[in-house]
Amino acid sequence: MRKCSSLFTRIFTVAAAAVLLLSCVPASVGAAKTKLYVFNCGDYIADTTIEKFETAYPEYEVVYEVFDTNEAMYQKLVSSNIPYDVLIPSDYMIERLIKENRLKEIDMTQLENYHYIGEAYKNTSYDPENKYSVPYMWGTLGILYNKEKVDDVVDSWSILWNEKYKGQILMLDSMRDSMAVALKKLGYSMNTTNESEINEAAQALIEQKPLVAEYGVDILKDKMIQGSYAFTFAYSGDALYMQNQNAELNGGESVLEYVIPKEGSNFWIDAMCIPTTSQNTEGAMKFIDFMCSTEIAFDNVEYIEYSTPHTEALQQLGDEYINNAIYNPSAEILENCDSFYYLEPEVQELYNKAWESVRLASATQTESDSDGGSWKLIAGIAVAAVIIVAIIIFVLYKKKMNRIKYEE
């Protein structure tokens, strides 16, 4: 899933809370509208979409709320009493919601615009019969590198472990993503449930720590845009954004390049669903169908800059997008990619423990790794100084004893 803007999410959440409070105030007679509760990732819809929907369907008032991670969305969904009508989570979270019976089935025959969704994005592993979700956006995970700072062929995750680029590597502070990179590098599935493989991946990340300049999320984007570092790994939409921003700084040509490594990577889909909390299924269906219309799909993808499953919107975007390897990678590349699966609690705990060991290494080992040479030098000098002082004291003592003996 794309990485939501945390700042945008915080701002929008405050605004959404105000809207939710106001929604409790009775509307005046004759002006009442049916409220439609939509829960989406932050900064993940064109700023005109909600207004256009309310214009097309004046009987509805959209109460729009945002989240920054799938996990945060899940916690809010199951712990609050807000009657969400539409959710837009990621593939693995949709799988979890289906298993827990938290989604309503969607009658696709009632969606006039569903036929615009490409066949490649249907019958997925998380929703094999297309009963519960309608694809919204998709993308990949890959390496973004600075061509001016890298003179090696970039086609493997292993380059992020190349000591030649020590201090020039930025890593995402994301358990599932960083563990996936290490697992793929080692030749394992990024959905492995094997404890030894999970621990081996964590150890690989720990061993990589001396080479890493920083772990982060949003802050990494500006550093790559400015051309300050050689490598990071990023989701395709973020990579395209950084590439475009860097091009503006460099007179129209970007020094940043995106590649999906030969070991394979993550191919993800975010999709629209109707949770069982919905009290307005009819309105939810209208909203989802509206989002699948060509005009709105085009508006959203142009604003978000992630890949669209909407065939007509893609054509309207033109050759610049159709032929862009970041935006629209080949079928051959995608065949070598996997989607994240939902991890059962006992497996999730294995990942949590492994990731915690990486994070602890970040707080302790990194400091010793980055300053290790200096501390060793200082320690060596200190030991040498102690030895020299000891020798001097011993020599002076011997001279003093000899002098006393001579005087006697």
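The values are calculated or read from the model by the stated rules, or taken from the named source; none is laboratory data. Just so it is clear, the structure is predicted and the values come from calculations on it, not from any experiment. For neighbour counting, all protein chains shown are included, and Cβ atoms are generated from backbone atoms with ideal geometry for every residue, glycine included.
Quick grid of which residues meet (1) assigned to a helix (DSSP H, G or I); (2) not aromatic (F, W, Y):
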site	(1), (2)
P261	no, yes
I269	no, yes
Q279	no, yes
A284	yes, yes
N300	yes, yes
Y303	yes, no
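Here I143 meets the list (1) among the hydrophobic types (A, V, I, L, M, F, W, C); (2) under 18 Å from S278 (Cα atoms); (3) assigned by TED's automatic domain parsing to the domain that holds K185 almost entirely, failing just condition (2). A single member of I117, I106, I159 is β-branched (V, I, T), surrounded by 19 or more Cβ atoms within 10 Å (Cβ to Cβ) and under 21 Å from the mean Cα position of the chain (by Cα), and it is I159. For the range 210-227, a residue qualifies if it is surrounded by 19 or more Cβ atoms within 10 Å (Cβ to Cβ) and either part of a helix (DSSP H, G or I) or acidic (D, E) (or both), and the qualifying residues are L211, L220, K221, M224, I225.
Scanning for something among the basic types (K, R) and either within 15 Å of Y351 (Cβ to Cβ) or not assigned by TED's automatic domain parsing to the domain that holds Y116 (or both), does the range 272-287 turn up at least one residue? Before the answer, list the steps.
The first filter runs over the range 272-287 and keeps only residues among the basic types (K, R), leaving 286.
Those still in the list that are either within 15 Å of Y351 (Cβ to Cβ) or not assigned by TED's automatic domain parsing to the domain that holds Y116 (or both) too: none.
Looking through the range 272-287, none of the residues is among the basic types (K, R) and either within 15 Å of Y351 (Cβ to Cβ) or not assigned by TED's automatic domain parsing to the domain that holds Y116 (or both).
Counting only helices (runs of 4 or more DSSP H) that sit wholly inside the range 40-117, those with at least 2 residues that are under 24 Å from I296 (Cβ atoms) and of a type in the set (S, T, Y) are 49-56.
Any residue in the range 309-321 that is of a type in the set (S, T, N, Q) and outside any helix (DSSP H, G or I)? Even if it seems obvious, please write down each step before you answer.
Initially, the range 309-321 is screened for residues of a type in the set (S, T, N, Q), giving 311, 315-316.
Still in the running and outside any helix (DSSP H, G or I): none.
Within the range 309-321 (the criterion being of a type in the set (S, T, N, Q) and outside any helix (DSSP H, G or I)), the answer is no, since none of the residues qualifies.
When each of M272, M291 is tested for being under 21 Å from E54 (Cα atoms), surrounded by 20 or more Cβ atoms within 10 Å (Cβ to Cβ) and touching a Phe, Trp or Tyr at 6+ places or on another chain (Cβ under 6 Å), the lone residue that passes is M272.
Residue by residue, here is whether (1) without any contact (Cβ under 8 Å) to a residue 40 or more places away in the chain; (2) in contact with a Phe, Trp or Tyr (Cβ under 6 Å, 6 or more places away or on another chain); (3) within 18 Å of A180 (Cα to Cα) holds:
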position	(1), (2), (3)
V217	no, no, yes
I225	yes, no, no
F231	no, yes, yes
Q243	no, no, no
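Within the range 120-133, how many residues are surrounded by 19 or more Cβ atoms within 10 Å (Cβ to Cβ) and assigned to a helix (DSSP H, G or I)? Count: 1. For the range 145-180, what are the residues that are in contact (Cβ under 8 Å) with a residue 12 or more places away in the chain, among the charged types (D, E, K, R) and outside any helix (DSSP H, G or I)? Passing the criteria: K147, E148, K149, D152, D155, K166, D173. Restricting attention to the range 313-336, the residues that are surrounded by fewer than 19 Cβ atoms within 10 Å (Cβ to Cβ) and either under 30 Å from S178 (Cα atoms) or in contact (Cβ under 8 Å) with a residue 24 or more places away in the chain (or both) total 12.
Looking at V217, is it modelled with pLDDT under 95 and not polar (S, T, N, Q)?
Details: modelled with pLDDT under 95: yes; not polar (S, T, N, Q): yes.
Criteria met by V217.
Note on the range 341-354: residues that are crowded, with 17+ Cβ neighbours inside 10 Å and at pLDDT 95 or above amount to 4. As an exercise: evaluate I326 against (1) under 17 Å from E112 (Cα atoms); (2) of a type in the set (V, I, T); (3) part of a loop (DSSP other than H, G, I, E, B) and give the number of the one condition it does not meet. I326 satisfies all of (1) under 17 Å from E112 (Cα atoms); (2) of a type in the set (V, I, T); (3) part of a loop (DSSP other than H, G, I, E, B) except (1).
With the requirement that a residue be part of a loop (DSSP other than H, G, I, E, B) and closer than 17 Å to A325 by Cα, what does the range 228-255 give you?
Kept after step one, since they are part of a loop (DSSP other than H, G, I, E, B), are these residues of the range 228-255: 228-230, 250-255.
Result: E253, S254, V255.
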